[in-house]
Amino acid sequence: MVTHPRPRGTRLLVVALVSLSLAIITLDYREGTTGPLAEAGRWTQTAMAPLQEAVSRVTRPVGDFFSGLAHLPSLERENTDLKTQIAELQADAAGRANVEEQLQTLTDLLGLQQQLFPEGVAALVIANGVSNFEWSITIDRGSADGVQVDMPVVTGASDGPRLVGRVIRVTPISSVVQLIIDRNFAVAGKLSTSQEAGLVMGRGEDDLRMGHLRPGIQVSQTDPESVFTLGYEVNGQRGLYPPGLLIGTVSRAFSEPGSVESSVTIRPAVDFSTLQYVLVIARNPARPGEVP
């Protein structure tokens, strides 16, 4: 077998290239950042920067897309956790608002009891008995607590006591209260401005009705007139309800065809759908400034 010797020219070329590389490395090391090689490197970097930026703009969305796919399960968990935290915070805020509202109601009720009805019995609403035949609530106080049939029931507010109804049935531990919106409920009332008196009657889901008023009575739409219970006595016997309990505000005035009297509808002052606490007061209590 015949071998051909490597040409001498190839060996010389390799030696020359190695020597040139060593010389360039030595020169670059000695001259540092001020030499021609460093300047050439900076020029090359400057020339390549726009190309690198263009390539980065093209490839970055693709990289972000695949990176997003890789982190998708983690992002879904974080999204679920955030939604759960938001729901918890909303529930907590609603709970605090509800507690503050209950505290204000109890504060008003306590002030009402101390100032006007010291012998009143505070009670919690434990059931609603709304039907076509009876509009009532059940409270957690009964005859063992001094509650009796026909005792008026009120609730407290910043503007004073508001009429809820009257006790119609009693057990030792609970009582049923007929609401003022019950169709069989009636109470004597008085308009706050005109001082006209009439009979207020419940009408279920509709506004209360107050009749026996003078013909042609007018009501203000911008400043609705309030209606309060009317205090009266018959043969020295006081009426069932003490005077000055807020029943509601007038919503409309009207006259039946051929009638010689007018009537008004009254929007109740109590929101019975959210009623939680009430005060049962003694029949015919002496109000401050009155002689019992």
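Restricting attention to segment 123-145, the residues that are surrounded by 13 or more Cβ atoms within 10 Å (Cβ to Cβ) and over 21 Å from Gln276 (Cβ atoms) total 1. Taken over segment 212-242, the residue count meeting the criterion of being of a type in the set (A, V, I, L, M, F, W, C), more than 19 Å from Ala269 (Cβ to Cβ) and modelled with pLDDT of 75 or more is 2.
Yes/no per residue for (1) in contact (Cβ under 8 Å) with a residue 24 or more places away in the chain; (2) in contact with a Leu (Cβ under 7 Å, 6 or more places away or on another chain); (3) open to solvent by 50 Å² or more (accessible area, probe 1.4 Å); (4) among the charged types (D, E, K, R):
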position: Val164; (1), (2), (3), (4): yes, yes, no, no
position: Arg169; (1), (2), (3), (4): no, no, yes, yes
position: Val177; (1), (2), (3), (4): yes, no, no, no
position: Lys190; (1), (2), (3), (4): yes, yes, yes, yes
position: Glu205; (1), (2), (3), (4): yes, no, yes, yes
position: Val219; (1), (2), (3), (4): yes, no, no, no
position: Pro224; (1), (2), (3), (4): yes, no, yes, no
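The strands (runs of 3 or more DSSP E) found wholly in segment 71-180 and carrying at least 1 residues that are among the basic types (Lys, Arg) and at pLDDT 70 or above occupy 162-170. Val264 meets each of the listed conditions (1) touching a Ser or Thr at 6+ places or on another chain (Cβ under 7 Å); (2) open to solvent by less than 40 Å² (accessible area, probe 1.4 Å); (3) modelled with pLDDT of 90 or more apart from (1). Those residues that are in a strand (DSSP E or B), touching a strand residue (DSSP E or B) at 6+ places or on another chain (Cβ under 8 Å) and over 18 Å from Gln195 (Cβ atoms), I need them from segment 232-251; list them, please. Of everything in segment 232-251, just one residue is in a strand (DSSP E or B), touching a strand residue (DSSP E or B) at 6+ places or on another chain (Cβ under 8 Å) and over 18 Å from Gln195 (Cβ atoms), namely Ser251.
The values are calculated or read from the model by the stated rules, or taken from the named source; none is laboratory data. In this text, all values refer to a predicted model and were calculated from it rather than measured experimentally. Note that each Cβ is placed from the backbone with ideal geometry, even for glycine, and that neighbours are counted across all protein chains shown. Protein only, heavy atoms only, side chains kept; ligands, DNA and RNA dropped before computing areas. Shrake-Rupley method; radii C 1.70, N 1.55, O 1.52, S 1.80 Å.
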